[in-house]
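Bear in mind these aren't lab numbers, they're just calculated from the coordinates by the rules spelled out. Source: prediction; values computed, not measured. No Cβ is skipped: glycine too gets one built from the backbone with ideal geometry, and neighbour counts run over all protein chains shown.
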Amino acid sequence: MSSIRLDIVTAEGVVYSDEVDVVVAPGIEGQLGILPHHAPLMTTLHAGELRVRKGEEEFSLVMSGGFLEVRPDRIIVLADTAERAEEIDIARAEEAKHRALERLSHRVPDVDAARAEAALRRSLARLKVAEKRRKRKTSVSY
């Protein structure tokens with residue numbers, strides 16, 4: 001099977017760069033699957049799980065949004081943030097979820113609802129990716 005170069009970059013630097021077989025990204029209209037030789041495109045990414053498969057290895061990163069460009073020879077992800085599933089601090093994500101829900105439930109005039117909703121989406125995405133990783137890890141250990 002052929003492969004394609006994947007570069008995931010945040011403001012802090014390169015998060016991942018390697019040849020991969022498949023990328024599934026959280027596009028603006030749903031999941032976007034990209035294989036080598038995919039047609040060129042550019043799209044916005046939502047907060048969610050970005051899955052990568054290279055050979056038999058598959059791993060996930062949680063994205064908080066950004067842009068994805070597919071070129072003939074590579075996929076470039078410019079992410080607001082990108083965090084590998086094993087790096088997710090579940091307690092911190094739970095706290096962020098509760099803070100966002102609290103802000104949204106009280107609708108205080110000085111609270112920016114759009115920012116609270118974005119924070120809620122990010123925390124839910126982090127928790128979902130962490131839970132999937134935990135389940136995969138548990139099922140493999142039997």
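Structure above, values below:
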read-out	value
Crossing angle, helix 113-140 versus the chain [Cα axis fit, 0-90 degrees, rounded to tens]	60 degrees
Qualifying GluC sites (Glu not before Pro) in the stretch 31-121, DSSP loop, other Cβ atoms within 10 Å at most 12	Glu56
Kirkwood hydrodynamic radius of the chain, Cα pairs, Å	16.0 Å
Angle between the chain longest axis and helix 90-106 axis [Cα atoms, degrees, rounded to 10]	50 degrees
Calculated [θ] (222 nm, deg cm²/dmol) that DSSP helices of n ≥ 4 give over the chain, each run adding -39,500 (n - 2.57)	-11000 deg cm²/dmol
DSSP bridge orientation in the chain - percent antiparallel, rounded to nearest 5	90 percent
Net charge dipole size for the chain [Lys, Arg +1 and Asp, Glu -1 on Cβ; Debye, nearest 20]	480 debye
Value of relative contact order over the chain, rounded to a whole percent, pairs C-alpha under 8 Å and six or more apart	20 percent
Neighbour-count order for Ile8, Ile76, fewest beta carbons within 10 angstrom listed first	Ile76, Ile8
